[in-house]
Amino acid sequence: MQAYILRRILALLPTMLIASIIVFVIVRMVPGDVVDLMLSQNDAGSNKLTRDQLMETLGLDKPMWQQYSSWISRLLLHGDLGDSLWQGDSVIGMIADRLPVTFELGLLAMLIALTVAIPVGVYSAVKQDTAGDYATRSFSLLMLAVPSFWIGTMVTVFPSIWWGWSPEIHFTPFLEDPWANLQQMLIPATILGLSLSAITMRMTRTMMLEVLRQDYIRTARAKGLSEMLILTRHAVRNALIPVITLIGSQAPILIGGAVILEQIFVLPGMGLLLLDAVNQRDYPVVTGVFFIVGISVMLINLLVDLSYGLIDPKVRQR
């Protein structure tokens, strides 16, 4: 197992290298230029810097391959993702301040999604073609059809019109007041979690229906085992392998949804940081955020692969 983990981690290195090159190049190809934005600001224009001088100060006068070589060297040698072109703050520090908020939102959303999707998917398979099955399938289709950002917008607009209530815009850190923090995070996490639960619910139902038709399930019933024991010990564990794979593939969707909902609910996470950096063409911040997100997605998929052995003993034997 240790050798397998080491091989998987080593396999991530060329992937991250290629991804970093793509992000580094593409973000600089976005229309608009950070130098023009800075020169258009009063505070930047008062410094009397010409365009060439400002580009030299920011290090943007060098060819792109030299800029990338300098950036990747700082990352590999010092673990440094550079400094913001606007604030001059360390990108690592900026991300470290915002990452816990996005992590908390994503974790809560995933817990809500699994809490809803797996039990409801199992119930839908066991009660196939009943009223409960039709209701759960209709709910999953609704969650698939309605985007989470639309639900988030409606949640912030209509309650403020009808009842004068709107979500709290002043963020409270978890360590400062856990209860106030959870109250603020619960609504966006629920919206994102229900959106994620739709496809997981349908996959759970499909796999459960397939497993319940297997010979070993009929044998277990013939031996007189209770239906609950058959479901928990034999059916669910075998049906969860493809479901876990699907959950791992939802990591980019989870992060993308968090970016939008953080903007709607004014949560100071990675989403707001990324949007502000893109609007300001703050290249080091955009590259750093995508780099950290890429590492997170790859590590999540690695954990998903390792979890197979915990659920299915046959995987450990192989």
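The values are calculated or read from the model by the stated rules, or taken from the named source; none is laboratory data. Not measured: the values here are computed from a predicted model. Here Cβ is always computed from backbone atoms with ideal geometry, including for glycine, and neighbour counts include all displayed protein chains. All accessible areas refer to the heavy atoms of the entire protein, side chains included, with ligands and DNA or RNA removed. Shrake-Rupley method; radii C 1.70, N 1.55, O 1.52, S 1.80 Å.
Things to note:
- Debye, to nearest 20: dipole size of the chain, +1 on Lys, Arg Cβ, -1 on Asp, Glu Cβ: 1840 debye
- Candidates Leu302, Leu111, Leu229: whichever shows maximal mean-square fluctuation once the chain is modelled as a Gaussian network with Cα springs under 10 Å: Leu229
- Accessible-area ranking of Arg205, Arg137, largest first, probe 1.4 Å: Arg137, Arg205
- Gain in span if fully extended, Leu144 to Asn279, counting 0.36 nm per residue against the direct Cα distance: 45.6 nm
- Net charge, Gly224 excluded, C-beta distance under 15 Å - Lys, Arg +1, Asp, Glu -1: +3
- Nearest-20 debye value, segment 7-131 charge dipole, Cβ charges on Lys, Arg, Asp, Glu: 520 debye
- Take Glu210: with every protein chain present and a 1.4 Å probe, its accessible area is about 100 Å².
- Taking Ile217, Ile244, Ile300 as the candidate residues, the one with maximal mean-square fluctuation in a Gaussian network model of the chain, Cα springs under 10 Å, is Ile217.
- Projected label distance in nm at Ile161 and Leu17, using a 7 Å step from Cα toward the beta-carbon: 5.5 nm
- The candidates Val293, Val286, arranged from most to least accessible area with a 1.4 Å probe in the full protein assembly, appear as Val293, Val286.
- Dividing the helix sum by the residues of the chain, where each DSSP H run of 4 or more adds -39500 (n - 2.57), gives a mean residue ellipticity at 222 nm of -25500 deg cm²/dmol.
- Charge dipole of segment 203-302 (Cα centre as origin; +1 on each Lys and Arg Cβ, -1 on each Asp and Glu Cβ, all else neutral): 680 debye, rounded to the nearest 20.
- Met208, Met203, ranked by accessible area, largest first (probe 1.4 Å): Met203, Met208
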